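Student: Just dropping this structure here.
The values are calculated or read from the model by the stated rules, or taken from the named source; none is laboratory data. For clarity, every value in this text was computed on a predicted model and none was experimentally measured. Neighbour counts are summed over all protein chains in view; Cβ atoms, including those assigned to glycine, are modelled from backbone coordinates with ideal geometry.
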Amino acid sequence: MVHLYQEVTAVKRLNVFPESVFSVGPAHITDTVMTTWLIMTVVITVCFLFTRKLSIEPSAGQEIIEAAFEAVEKTVRDVLPIDPWLVVPVLGTLWIMIGFSNLVGLLPGLKTPTADLNTTFAFALISYSMTHIFGIATQGYKGYLLHYKEPTWLLLPFHLIAEVTRTIALAVRLFGNMLSGDMIAIILIGIVGFLVPVPFDLLHFVIGIIQAYIFGILTLVFIAGGIRTEI
């Protein structure tokens, strides 16, 4: 009976479509949204606690925050020829949110937000918007739009299709990787029981971090392409 309960509970957690928790008028608040709000609350609280008393002699928490920002800054500086601090706040936030979203599903009772296609599309749209915002900011509207005619205006439809498919591929890629992780864990629970998937959860932790990093790097590459720099 315990084995059956574990399997049923795991299957309930695997739901491609979000489940509505409550409604506010016509808006339905889903389990994915609730988990995302929880992640936002935790991240904001931790950042506030670690940064409210900054000092020249940093505490352990301050050192962690500084090391994270320095790593993001170095990554951006190595790729983009512009001031990295124009990109670091947005890219750093994206990395943190996707990382926590990938890993929170390891906690009992919480759903992985990035196993919901709505969430990954939202992240992909942010990536898509950043590409155009920084492209226009560095080249102006006219200079940025002119790149769509290269090498000829005849290829304009293909440029536009590439913009759409690139964004969709970015969303589906993250969604597929995180959903497949949940599915494999459920299959292992159904076949061999509850304890064996524990090592797989450790692998899932590593994969979640890697997928967040890859998403951020691809966003950085797209931004570099938007401002027309060689990488």
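Student: Taking the stated definitions as given, is residue 42 at pLDDT 85 or above, touching a helix residue (DSSP H, G or I) at 6+ places or on another chain (Cβ under 9 Å), of a type in the set (A, V, I, L, M, F, W, C) and under 28 Å from residue 139 (Cβ atoms)? Before the answer, list the steps.
Tutor: Details: at pLDDT 85 or above: yes; touching a helix residue (DSSP H, G or I) at 6+ places or on another chain (Cβ under 9 Å): yes; of a type in the set (A, V, I, L, M, F, W, C): yes; under 28 Å from residue 139 (Cβ atoms): no.
So residue 42 does not fit the description; no.
Student: Considering each of 32, 41, 93, 45 in turn, give the residue that is surrounded by 12 or more Cβ atoms within 10 Å (Cβ to Cβ), out of contact with any Ser or Thr (no Cβ under 7 Å at 6 or more places or on another chain), in a helix (DSSP H, G or I) and among the hydroxyl-bearing types (Ser, Thr, Tyr).
Tutor: 93 is the lone residue from the list that is surrounded by 12 or more Cβ atoms within 10 Å (Cβ to Cβ), out of contact with any Ser or Thr (no Cβ under 7 Å at 6 or more places or on another chain), in a helix (DSSP H, G or I) and among the hydroxyl-bearing types (Ser, Thr, Tyr).
Student: Another one. Would you mention how many residues in the range 30-53 are more than 21 Å from residue 179 (Cα to Cα) and either free of Cβ contacts under 8 Å to residues at least 40 places away in the same chain or touching a His at 6+ places or on another chain (Cβ under 9 Å) (or both)?
Tutor: Residues in the range 30-53 being more than 21 Å from residue 179 (Cα to Cα) and either free of Cβ contacts under 8 Å to residues at least 40 places away in the same chain or touching a His at 6+ places or on another chain (Cβ under 9 Å) (or both): 11 in total.
Student: Can you tell me which of (1) without any contact (Cβ under 8 Å) to a residue 12 or more places away in the chain; (2) closer than 30 Å to residue 227 by Cα; (3) in contact with a Phe, Trp or Tyr (Cβ under 6 Å, 6 or more places away or on another chain) is the one residue 65 doesn't meet?
Tutor: (1)
Student: Still on this structure, I have one more. Of all residues in the range 188-229, how many are in contact with a Pro (Cβ under 9 Å, 6 or more places away or on another chain) and at pLDDT below 70?
Tutor: Counting residues in the range 188-229 that are in contact with a Pro (Cβ under 9 Å, 6 or more places away or on another chain) and at pLDDT below 70 gives 3.
Student: Give me a count of the residues in the range 166-185 that are in contact (Cβ under 8 Å) with a residue 60 or more places away in the chain and under 10 Å from residue 120 (Cβ atoms).
Tutor: 4
Student: Another question, then. Does residue 17 satisfy the criteria of being aromatic (Phe, Trp, Tyr), under 24 Å from residue 205 (Cα atoms) and modelled with pLDDT under 90?
Tutor: Yes: the conditions hold for residue 17.
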